[in-house]
Amino acid sequence: MTDDDMRSRHAVVVGGGLAGITAALQLAEAGMSVTLVESRTRLGGLAFSFRRGDLTVDNGQHVYLRCCTAYSWFLDRIDGAHLAPLQDRLDVPVLDVAPRRGPRLGRLRRTALPVPLHLAAGLATYPHLSLAERAAVGRAALALQKLDPADPALDGIDFATWLGRHGQSARAIEALWDLVGVATLNATASHASMGLAAMVFKTGLLSEPGAADIGWARVPLGELHDTLARKALDSAGVRTELSTRVRGISRADLGRWQVEVEDELMEADTVVLAVPQREAHALLPEGALEDPDRLLDIGTAPILNIHVLYDRKVLRRPFFAALGTPVQWVFDRTEASGLAEGQYLALSQSAAEDEIDTPVAALRERYLPELERLLPATRGAEVRDFFVTRERTATFAPSPGVGRLRPGARTRAPGLYLAGAWTATGWPATMEGAVRSGFSAAGAALSALGRHHEHPLKEAA
């Protein structure tokens with residue numbers, strides 16, 4: 001297909017999260033005329049910021065790893081990589097609060113040695129596991145390295161069962177496997193597909209020495225996923241329509257599509273549905289999927305974020321993880337939020353089914369004493385603000401068997417494609433998975449139009 005032919009082709013991308021933004025950029029760069037439609041007043045999906053008084057607050061703490069090559073591409077593409085730098089080398093402070101004593105610090109770190117020796121020194125000195133538990137962890141890691149995460153048999157069992165078969169104690173699961181797995185999968189080992197767990201640990205910890213180095217935004221997420229993303233879309237020639245809800249999608253004449261919004265009927269050669277699975281199910285025309293109700297069987301999992309503003313500095317590290325307490329991960333968001341005095345800590349609580357509807361007063365009563373146990377400097381500090389953000393459907397639930405429910409980018413309806421972290425990316429519900437799904441949808445659309453398309457990631461070319 002010639003460049004002139006491509007310019008005559010119109011694509012409508014429904015949804016302005018990372019998946020939709022990525023698909024729109026890829027289609028526009030291939031020469032298509034693209035309209036991106038988003039029902040919210042901003043871009044960014046579930047990784048966004050909002051104003052609270054003088055502060056700019058992220059709805060939740062998001063991180064990525066060096067192995068997240070698609071999200072790294074996204075940051076480069078919107079000219080935002082310098083605003084979300086990676087650690088030079090993996091280093092995770094882990095505080096354990098045991099009864100009748102103060103917190104004990106351990107660190108999960110790597111060296112520059114080849115895999116799997118890069119983690120050996122850190123594991124050998126990790127104080128939260130016994131010598132026998134550390135040795136068992138090493139044996140389990142070697143077993144993980146031999147697995148194929150795409151093996152359908154792994155999707156049918158839970159991670160805890162596999163860990164039990166490989167000699168992992170309850171303490172090892174708490175102090176290592178769930179410490180990482182809950183944050184990346186949004187589920188404990190007993191509720192997580194072994195296939196997705198194998199993918200996370202094999203890719204993040206056992207693929208190359210620096211794969212698990214952590215990166216996070218040093219600015220509000222909205223500056224990346226909304227402001228800079230919108231500039232990139234504008235530069236690519238994408239027409240972006242915010243506060244615009246799609247009411248229906250139907251076939252038009254000559255094999256084209258009609259996308260109905262409030263005050264307009266858009267015609268398109270290509271439509272990408274980059275919305276959550278239940279919204280996609282509601283918009284899919286009849287026959288687009290063999291069994292569309294499978295989308296409704298993909299569950300969701302919540303994430304709770306607790307925000308605490310102190311009148312003074314109480315934490316000297318940028319972040320830490322915790323054991324022996326309900327607190328999971330704590331990040332310093334002072335500078336990013338614009339707070340001028342004191343310190344702002346954000347607690348990221350994944351797999352939060354039991355607390356997602358707990359009143360703020362009860363959460364305050366529970367978590368402030370826990371922070372005092374972890375951070376003695378908080379004792380006597382004034383709490384100037386305490387508030388909560390709740391994402392009840394933050395991710396798809398990575399339950400055993402979810403792999404067979406996740407559809408690919410292509411549908412049975414020519415010209416109609418799916419994107420979103422819940423589609424069959426092979427990844428759990430992460431920013432990385434969302435961007436990869438945008439690649440897949442755009443690549444499938446361009447291939448169907450006969451347009452040569454080179455995948456942005458060499459590994460997937």
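The values are calculated or read from the model by the stated rules, or taken from the named source; none is laboratory data. From a predicted model like this one, the values you see are computed outputs, not experimental measurements. Heads up, the Cβs are rebuilt from the backbone with ideal geometry, glycines too, and the neighbour counts pull from every protein chain shown. These area figures cover heavy atoms from the full protein model, side chains too; ligands, DNA and RNA do not enter into them. Shrake-Rupley method; radii C 1.70, N 1.55, O 1.52, S 1.80 Å.
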**Dipole magnitude (debye, nearest 20) for segment 293-410, charges at Cβ of Lys, Arg, Asp, Glu** = 400
**Message:** Under 5 Å between amide hydrogens, which residues at least 5 positions from R384 or on another chain qualify, with H placed 1.01 Å from N in the peptide plane?
**Reply:** L309, Y310, D311
**Fill in**
In nanometres, the difference between 0.36 nm per residue of separation and the alpha-carbon distance of S207 and L296 is 28.7 nm
**Complete:** FRET efficiency for L254 and R404 from the Cβ-Cβ distance with R0 = 60 Å, rounded to 0.05, comes out at 0.95
**Request:** May I ask you to derive the relative contact order of the chain, considering only C-alpha pairs under 8 Å and at least 6 residues apart, and to give it as an integer percent?
**Result:** 23
**Message:** How big is the dipole moment of the chain about its Cα centre under a simple scheme where the beta carbon of each Lys and Arg is +1, that of each Asp and Glu is -1, and everything else is neutral? Debye, nearest 20, please.
**Reply:** 1520
**Request:** Report the label-to-label distance for D234 and S8 in nanometres (one decimal), using points 7 Å from each Cα along the Cα→Cβ vector.
**Result:** 3.1
**Message:** At 222 nm, what value in deg cm²/dmol follows for the chain if DSSP H runs of at least 4 each add -39500 (n - 2.57) and the sum is divided by all its residues, to the nearest 500?
**Reply:** -8000 deg cm²/dmol
**Complete:** Given 190-196, 325-331, the highest-first ranking by average Cβ count within 10 Å works out to 190-196, 325-331
**Residue (of V180, T227, T244) at the positive-pole extreme of the chain, dipole from beta-carbon charges** = V180
**Complete:** Inter-part gap, Cα centre of segment 34-52 to Cα centre of segment 281-329, in whole angstrom, is 17
**Request:** May I ask you to order 334-346, 112-124 by the average number of other C-beta atoms within 10 Å around their residues, highest value first?
**Result:** 334-346, 112-124
**Asked** Between segment 429-461 and segment 385-404, how many Å separate their Cα centres?
**Response** 25
**Request:** Grab the beta carbon distance between A124 and R245, set R0 = 56 Å, and tell me the FRET efficiency rounded to 0.05.
**Result:** 0.50
**Placed amide H near T240: partners under 5 Å, 5+ positions off or other chain** = L36
**Complete:** So E335 and R107, fully extended at 0.36 nm per residue minus their Cα-Cα distance, gain in nm 79.6 nm
**Message:** Leaving out ligands, DNA and RNA, and with a 1.4 Å probe, what % of the accessible surface on segment 6-62 is carbon or sulfur?
**Reply:** 45
**Item:** Positive-end residue of L345, A448, A419, charge dipole of segment 330-461 with Cβ unit charges
**Value:** A448
**Message:** Suppose all protein chains stay in the model; what accessible area per residue would a 1.4 Å probe give for the chain, in Å²?
**Reply:** 42
**Asked** Hey, any idea what % of segment 339-461's accessible area is carbon plus sulfur with a 1.4 Å probe?
**Response** 47
**Asked** Between E382 and A150, what is the label-to-label distance in nm when each label sits 7 Å out along the Cα-to-Cβ direction?
**Response** 5.9
**Message:** Quick check on the chain: of the DSSP beta bridges with both residues there, what percent are antiparallel, nearest 5%?
**Reply:** 75
